[in-house]
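Notes follow once the structure below has been shown.
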There are 2 protein chains.
Amino acid sequence: MRNSVPFPIVISGPSGVGKTTLVDRLVASDDLLVESISTTTRVPREGEVSGVHYFFVERDVFERMKDRELVEWAEVHGMFYGTPRRFIDQELESGHDVVLNIDIQGGNSVKRAFPDAVMIFILPPSMDVLEERLRIRGDVDEAVIRRRVEAARGEITGSNNYSYLVVNDDLDRAETALRSIIEAERCRRERIHPAALKQLGK
Amino acid sequence: MRNSVPFPIVISGPSGVGKTTLVDRLVASDDLLVESISTTTRVPREGEVSGVHYFFVERDVFERMKDRELVEWAEVHGMFYGTPRRFIDQELESGHDVVLNIDIQGGNSVKRAFPDAVMIFILPPSMDVLEERLRIRGDVDEAVIRRRVEAARGEITGSNNYSYLVVNDDLDRAETALRSIIEAERCRRERIHPAALKQLGK
């Protein structure tokens, strides 16, 4: 049993900063944490399962979901991706905090839909390190790298809605910081379930 | 080197809840954390050293410090105890977060003097457990125990300025929660040193 009311956790940061690795680690080691599952119109890749990796839907279904059932959505290379509200609601209801690995625009939409969401932005130790990581990942095209580094600068500048800034200079250290933020937020007075306080005469 | 601007941490909670043990553990295992040292008019006990356990001063010195040099003070059994502002300022200046084990009235004064202070309130798992702990500690007089339990109820009710509530049902678990809160607060955007963000083009 947990004392606190479950909440969404938005994790954003520039491409190449290590978000996906960090989110995978968090979810793997915390029973009270699940990752949000996106809805998409793209075709499943080998081994991808609907309801596990994504909810795969046809274009017309996505179109109908857009305004009422998705917290946010975006088009990327002609494919649609969105965050279904129902999945989040159900997981919160069943006692799980829900982590969303999402870009800033999406993160801001989640915050509007769930004002109690925790907003965490992951920073690279420096722009040089970010550039290096993009190269190691296989982005060899100079123009692509330049564009990504510029996008990163823009994202960092636009991250004002994010309450926490975690520098990923070391994966273990960044993971510990993220885990600490989640644990700390579970202790925030406004998140403590009223029933947990009531027996103490409050 | 730390990214964040150092801050005071106020830890309060009813008598018998385990504050002192928890604060000792925190300070022993975190190089960036020191405990505030109080000024008092009481006589040093065997082994107590001025500047380590307390700053021991004469009554007339305390009287002169009261309004200008102490963040808060109180009289207990005819002895005066207070929190010197200069010690906190110096420790913050040299890069340490400063933890204060203090009652609610004192904690609220610290928050007024240092608006960026983190406020943590330690709760017993239940009033029955608190009562039991007071008995184990050697408070055998029923009237004293009744008075302490009533005081605890009052403290809990009056803890509205405290952002975090940590239930001490298990020392290790409570210690982890406190450590997480401090670590999380070090990642809060408003505490990050501007110079640390500047190089990222922000």
* Asked: buried (at least 17 other Cβ atoms within 10 Å of the Cβ), aliphatic (A, V, I, L, M) and facing chain A (nearest Cβ under 8 Å): does that describe residue B:117?
  -> no
Note on segment A:130-152: residues within 12 Å of chain B (Cβ to nearest Cβ) and without any contact (Cβ under 8 Å) to a residue 40 or more places away in the chain are A:149, A:150
In segment B:68-89, is there at least one residue being hydroxyl-bearing (Ser, Thr, Tyr), over 24 Å from residue A:196 (Cα atoms) and surrounded by 22 or more Cβ atoms within 10 Å (Cβ to Cβ)? yes
Residue pairs qualifying under the 8 Å Cβ cut-off, at least six apart or on distinct chains, with the first in segment B:48-68 being without any contact (Cβ under 8 Å) to a residue 40 or more places away in the chain and the second being in a helix (DSSP H, G or I), are B:55/B:87; B:57/B:65
Checked segment A:175-186 for anything among the small types (Gly, Ala, Ser) and either more than 16 Å from residue B:192 (Cα to Cα) or more than 7 Å from chain B (Cβ to nearest Cβ) (or both); matches are A:180, A:184
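Test of understanding: among B:71, B:34, B:43, which residue is outside any helix (DSSP H, G or I), in contact with a helix residue (DSSP H, G or I) (Cβ under 7 Å, 6 or more places away or on another chain) and either among the hydroxyl-bearing types (Ser, Thr, Tyr) or free of Cβ contacts under 8 Å to residues at least 60 places away in the same chain (or both)? I'd like the intermediate steps shown before the answer.
Details: B:34 fails: either among the hydroxyl-bearing types (Ser, Thr, Tyr) or free of Cβ contacts under 8 Å to residues at least 60 places away in the same chain (or both); B:43 fails: in contact with a helix residue (DSSP H, G or I) (Cβ under 7 Å, 6 or more places away or on another chain).
Going through B:71, B:34, B:43 in turn, the sole match is B:71.
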| message | Just checking, does segment B:91-109 include any residue being loosely packed, with under 13 Cβ neighbours inside 10 Å, among the hydrophobic types (A, V, I, L, M, F, W, C) and in contact (Cβ under 8 Å) with a residue 40 or more places away in the chain? | response | no
Note on segment A:153-174: residues surrounded by 13 or more Cβ atoms within 10 Å (Cβ to Cβ), of a type in the set (A, V, I, L, M, F, W, C) and more than 7 Å from chain B (Cβ to nearest Cβ) are A:174
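Only one of these is of a type in the set (A, V, I, L, M) and at pLDDT 95 or above: B:52, B:57. Name it.
Of the residues listed, the single one that is of a type in the set (A, V, I, L, M) and at pLDDT 95 or above is B:57.
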Going through segment B:25-47 in order, the residues found to be surrounded by 13 or more Cβ atoms within 10 Å (Cβ to Cβ) and among the charged types (D, E, K, R) are B:25, B:30, B:35, B:42
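The values are calculated or read from the model by the stated rules, or taken from the named source; none is laboratory data. Nothing here was measured: the structure is a model prediction, and the numbers come from that model. Heads up, the Cβs are rebuilt from the backbone with ideal geometry, glycines too, and the neighbour counts pull from every protein chain shown.
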